[in-house]
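Here's the structure we're looking at; comments come further down.
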Amino acid sequence: LTHPFIRRSLFILRDKPSFYTHTLELIATVRRSEVTRKFLMALTSGYGGMAAMEMKAHDPVNYVGDMLAFVFRTLSVESVLSLSLARVDE
């Protein structure tokens, strides 16, 4: 979503609030499903070169720690994305 064409398109869509709102809702829906898919994959079969989180289910501290690490990484990526969407000004 950082491509200049997309940024310009979002800037132009701001003049049409209904289209702009619908576009942001579509982006949020796609991002939500992607994050959910990645979390379930990390939980059950591993993701990003890491072992599955369920392999550490016997140790609650490591299990919860892995979940929180995933959430932290995801929040940092999503916050950068949301800030770039909010800063569409050309």
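Screening Met53 against (1) under 11 Å from the mean Cα position of the chain (by Cα); (2) over 22 Å from Leu10 (Cα atoms) leaves a single unmet condition, (1). Of the residues making up the range 54-90, those that are farther than 18 Å from Glu34 by Cα, in contact with a helix residue (DSSP H, G or I) (Cβ under 7 Å, 6 or more places away or on another chain) and among the hydrophobic types (A, V, I, L, M, F, W, C) number 2. Pairing each residue of the range 1-12 that is under 18 Å from Glu78 (Cβ atoms) with any residue that is at pLDDT below 85 and assigned to a loop (DSSP other than H, G, I, E, B), provided the two are 6+ apart or on different chains, yields C-beta distances under 8 Å for Arg7/Leu1; Arg7/Val88; Arg7/Glu90; Leu10/Val88.
The values are calculated or read from the model by the stated rules, or taken from the named source; none is laboratory data. This structure is a prediction, so every number in the text was calculated from the model and none was measured. Cβ coordinates were reconstructed from backbone atoms using ideal geometry, including for glycine residues, and neighbour counts include every protein chain displayed.
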